[in-house]
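**Student:** This is the structure, below, for whatever I ask next.
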């Protein structure tokens, strides 16, 4: 294969990856717990960007239960955002598995 052609393809893939990463930073994934009373939102870069808790689920006598609900929502949001990012990057790399 022509080395110059290979270099151009690598540069194009690098530019496409940078564009995909910029798009991912603007995308959000929201997960819910407790029937939607707890919501956690993460962006495509894997950063938690929002957390809302309906006051009706706050029980001062059972903080451990609330903690578990919040943790579940956050974990689901981060997992969903990571899966979204991996799918987006697979489109760009053709499934070559480059790290983000």
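Laboratory data are not the source of any read-out in this text; all were calculated from the coordinates shown. All values derive from a computational prediction rather than experimental measurement. Cβ coordinates were reconstructed from backbone atoms using ideal geometry, including for glycine residues, and neighbour counts include every protein chain displayed.
**Student:** Could you please find all residues in segment 65-98 being in contact (Cβ under 8 Å) with a residue 60 or more places away in the chain and part of a helix (DSSP H, G or I)?
**Tutor:** 84, 85, 88, 89, 91, 92, 93
**Student:** Something else now. Name the residues in segment 19-42 that are farther than 19 Å from residue 71 by Cβ and touching a helix residue (DSSP H, G or I) at 6+ places or on another chain (Cβ under 6 Å), would you?
**Tutor:** Result: 20, 24.
**Student:** Restricting the search to segment 29-64, which residues are in a strand (DSSP E or B) and crowded, with 16+ Cβ neighbours inside 10 Å?
**Tutor:** Once the filter is applied, which keeps residues that are in a strand (DSSP E or B) and crowded, with 16+ Cβ neighbours inside 10 Å, segment 29-64 yields 29, 30, 31, 32, 33, 38, 39, 40, 41, 42, 43, 53.
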